[in-house]
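Some notes on the structure that comes next.
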Amino acid sequence: MRPAVVDSGRGWVMVTAAFAAMFTAFGIAYSFGAFLEPMAEEFGSGRGATSVFFALTSLSYFGFGALSGVAVDRYGPRRVLLVGGIALGAGLAATSQVGALWIGLLTYGLGVGIGVACAYVPMVAVVGGWFERRRTLAIGVAVTGIGLGTFAVAPLAAALIDENGWRDTHLVLGLAGGAVLLVCAAVVAPPPVQTGPAALTLGEAVRNRDYRRLYLAMGLMGVAMFVPFVHLPGYAQRAGVDEVAAAALVGVIGAASVVGRLVLGAVAARTGPTRALQGCFLAMGASFALWGIGGGYGVLLAFAVVLGVGYGGFVALGPAVVAERFGTTRLGGLLGVLYTSVGIGSAFGAPLAGVTIDASGSYGPAIAGCLVLGLAAYLTVLGVGRRA
């Protein structure tokens with residue numbers, strides 16, 4: 001049997017598996033905005049309390065990503081994806097049966113969180129290891145699954161909730177999502193061993209100035225970036241938009257992110273991934289000014305598009321920047337630890353925004369806070385690659 005090589009046809013099989021895994025896991029996770037209102041109504045909780053569902057989930061998948069990234073380097077992607085598929089299916093099935101909000105926090109947050117953690121960082125690391133010359137393109141295609149999954153699953157979830165209720169919808173998504181991850185586990189394979197300079201160890205990375213700057217910038221952006229995934233549908237409904245159209249705004253973020261992943265990946269081939277990533281931070285941070293000016297559904301669509309394009313590039317180019325600056329042989333662990341910053345940020349962002357909205361009766365202060373943090377993240381990431 002011929003040995004597997006990088007930039008080969010088999011690598012594109014891995015891209016397909018990564019696409020399917022991310023489409024499924026992130027599509028389910030980012031559809032939570034559709035569940036917020038019906039769950040808050042049934043449990044008698046405010047937006048802040050119910051938003052903890054999403055916050056715990058994002059903290060789980062970025063936090064567990066540090067473990068899954070190291071695990072894929074050590075044990076290979078197949079075992080990691082098996083764990084993710086089982087956790088996703090069991091977690092959502094259990095959530096569909098809960099009678100108390102705090103129990104749902106555990107079943108949903110841990111189940112979906114572990115599922116996404118096993119589908120994201122490990123699969124990005126696998127794709128990055130299967131490619132060298134076309135790495136940015138391959139990662140960009142793989143992570144379009146996140147955007148298309150968000151675009152497809154968020155409005156689908158809203159329609160299913162309207163027809164069957166949030167409990168049965170969680171059950172359906174859990175069974176389907178778990179099955180897809182198990183199929184992906186059956187076809188994925190670890191990348192071939194590559195020659196060349198070894199990647200930084202985790203200890204060396206955390207002492208590296210650029211790695212620390214990336215960590216801080218991603219953490220700041222993480223606070224702001226996920227607020228619209230949870231609260232934008234509620235904002236739109238308050239403005240008179242019907243439920244499905246409001247939920248579709250999250251889908252628009254996902255669809256626009258596909259454009260960002262592919263177009264900005266091509267831009268990165270000319271400017272370099274670091275400069276392109278800095279542009280993504282600027283687009284995301286500045287986009288909150290659009291949300292803040294108010295207006296009708298068209299303005300909200302424009303906000304979703306700008307945020308989505310920047311977010312898409314952020315997801316696609318972050319791994320490419322890490323691989324370029326720190327090497328690929330330990331890419332899973334390096335990405336997993338780096339993305340804990342996004343998890344910590346996202347754990348604070350949506351709940352704090354929900355509490356602020358409930359206390360003030362307005363979305364304005366929460367949106368302004370997102371704008372400030374997003375621009376601060378952009379200023380921080382500008383320092384990456386510059387000499388002190």
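Bear in mind that the values in this text are calculations on the coordinates, not laboratory data. Because the structure is a prediction, the values reported are computed rather than measured. Ideal geometry is used to build each Cβ from the backbone, glycine not excepted, and the neighbour counts take in all protein chains shown.
Helix 209-225 and the longest principal axis of the Cα set of the chain meet at an angle near 20°.
Only helices enter the 222 nm calculation for the chain: every DSSP H run of n ≥ 4 contributes -39,500 (n - 2.57), and dividing by all residues gives -28500 deg cm²/dmol, rounded to 500. Highest mobility in the GNM of the chain, judged by mean-square fluctuation with C-alpha springs under 10 Å and restricted to V299, V141, V337, is found for V299.
Exposure proxy ranking for R135, R270, based on other Cβ atoms within 10 angstrom of each Cβ and starting from the fewest, stands as R270, R135. Taking other C-beta atoms within 10 Å as the exposure proxy, T271, T356 rank T271, T356 from fewest upward. With respect to the chain, whose longest principal axis is taken over its alpha-carbon atoms, helix 121-130 is tilted by about 30°. What the Cα convex hull of region 145-247 gives, in volume per residue, is 164 Å³. Considering only A366, A100, A276, give the residue with the highest GNM mean-square fluctuation for the chain, with springs between Cα atoms whenever their separation is below 10 Å. Result for the chain, Cα springs under 10 Å: A100 fluctuates most.
For Rg and Dmax of the Cα atoms in Å, the candidate list reads (1) 24.3, 81; (2) 20.5, 65; (3) 19.4, 66; the entry that matches the value derived from this model is (3). Where in region 358-382 is the amide nitrogen less than 19 Å from a point lying 7 Å along the Cα-to-Cβ axis of R275? Answer for this model: 378-382. Of the residues S287, S360, S45, S96, the one with the fewest other Cβ atoms within 10 Å heads the list, and the complete ranking is S360, S45, S96, S287. Under a Gaussian network description of the chain, with springs only between Cα atoms under 10 Å, the residue in A157, A71, A350 that fluctuates furthest is A71.
With a Förster radius of 41 Å applied to the beta-carbon distance between L106 and S8, the computed FRET efficiency rounds to 0.45. Helix 227-238 and the longest principal axis of the Cα set of the chain meet at an angle near 30°. Residue-wise HN-Hα couplings along region 173-188, as the Karplus relation 6.51 cos²θ - 1.76 cosθ + 1.60 with θ = phi - 60° gives them from phi, are 5, x, 5, 5, x, x, 5, 5, 5, 5, 5, 4, 4, 6, 10, 6 Hz; Gly and Pro carry x.
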